[in-house]
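To start, the structure itself, in structure tokens.
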Amino acid sequence: MASTETTTATGPSAPGGDGPERPVPGGGDRAADGLAGLEAGLDALETPAAQRTPAGRVLRTKVLPPVAAVLLVLAAWQLAAWADLKPDYMLPGPLDVWNALAEEWYRGTILGTVWNSVSRGALGFAASLAIGTPLGLLVARVGFVRAAIGPVLSGLQSLPSVAWVPAAIIWFGLTDATIYAVVLLGAVPSIANGLVGGVDRVPPLHLRAGRTLGATGLRGVRHVLLPAALPGYLSGLKQGWAFSWRSLMAAELIAVSPDLGTGLGQLLENARVLQDMSLVLGAISLILVVGIGIELLVFAPLERRVLRGRGLLARG
């Protein structure tokens, strides 16, 4: 070890360096300091310099492209409405959809509707996270559990969430338990499979190094395995949220009851019953906006932070 090394010097009784060597006091400390300085210098070379991105570049590369895409979609939509490809009651223009949403806003119901769905989605996703994470670790680390449950998880992930709605209604009735059951069945397999994929991509050398340093058992999982599997785990979380949101909309569309309150899925179904196509498209737009908003506000910053911490994304 560097702290136990000593440097030597040629004694004065041996001109030309042929005499006995004697240790120089403090030589080991200087060697350790030099090694630490070398490591710090290498780290500085490998770490990207933190630079503030100019506002004009952010506007040009991050803001304008999605805004231009949205404007193009709205323009194509309006042109299709003007061309009378479908009657007005079947294909209303963007302004008609905006007016329908504005009417719901003036009634004071739109915020409560969005909140009901977002709160259900967040609670269902949190429960799925609490179940899917230990399940994924168990499948990833225990061979016979993977052989028994792994194919089932993959099958559940490919099964459309709407298929669970009739069974959940029979089991739990038209209650919140039905909605949360469908969300769990849709999101848990995605989260578990994402963690399994992340663990499978962890280099075995990392795990051996952790065991050598004493990180075994739960300490090894917390300090070595989960941090190393974090990129794959995060991908599973993103997919799990997408599945939970889709499952929630499927459950709200079918399990409609005054006792459940109005969510975005119920709003969409009510608009269909009333044959109000403007409100139908408005509800679809709100579902899309919420999904994109969660991605941009929660998962995208988290993913950037994880990738930057591993040197996979330039700062700025």
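The condition of being under 21 Å from the mean Cα position of the chain (by Cα) and either farther than 28 Å from L226 by Cα or among the charged types (D, E, K, R) (or both) holds for only one of R120, R141, that being R120.
Scanning segment 279-299 for residues that are among the hydrophobic types (A, V, I, L, M, F, W, C) and either surrounded by 15 or more Cβ atoms within 10 Å (Cβ to Cβ) or in contact with a strand residue (DSSP E or B) (Cβ under 8 Å, 6 or more places away or on another chain) (or both) returns L279, V280, L281, A283, I284, L286, I287, V290, I294, F299. The set of residues in segment 219-237 being closer than 17 Å to A126 by Cβ and either touching a Pro at 6+ places or on another chain (Cβ under 7 Å) or buried (at least 20 other Cβ atoms within 10 Å of the Cβ) (or both) consists of Y233, G236, L237.
Got a sec? Which of A181, A163, A168 is free of Cβ contacts under 8 Å to residues at least 12 places away in the same chain and of a type in the set (A, V, I, L, M, F, W, C)? Walk me through how you get there before you give the answer.
Working: A181 fails: free of Cβ contacts under 8 Å to residues at least 12 places away in the same chain; A168 fails: free of Cβ contacts under 8 Å to residues at least 12 places away in the same chain.
Of A181, A163, A168, the one residue that is free of Cβ contacts under 8 Å to residues at least 12 places away in the same chain and of a type in the set (A, V, I, L, M, F, W, C) is A163.
Annotation note: of V162, V202, V182, the sole residue that is part of a loop (DSSP other than H, G, I, E, B) and either in contact with a helix residue (DSSP H, G or I) (Cβ under 8 Å, 6 or more places away or on another chain) or under 30 Å from L268 (Cβ atoms) (or both) is V202.
Please tell me if L279 is under 22 Å from L135 (Cβ atoms) and out of contact with any Lys or Arg (no Cβ under 8 Å at 6 or more places or on another chain). No.
Could you identify the single residue in V145, V114 that is part of a helix (DSSP H, G or I), without any contact (Cβ under 8 Å) to a residue 60 or more places away in the chain and touching a Leu at 6+ places or on another chain (Cβ under 7 Å)?
Numbers: V114 fails: without any contact (Cβ under 8 Å) to a residue 60 or more places away in the chain.
One residue alone meets the criteria, V145.
Bear in mind these aren't lab numbers, they're just calculated from the coordinates by the rules spelled out. Please read these numbers as outputs of a predicted model, since none were measured by experiment. In this analysis, Cβ positions are derived from the backbone assuming ideal geometry, glycine residues included, and neighbour counts consider all displayed protein chains.
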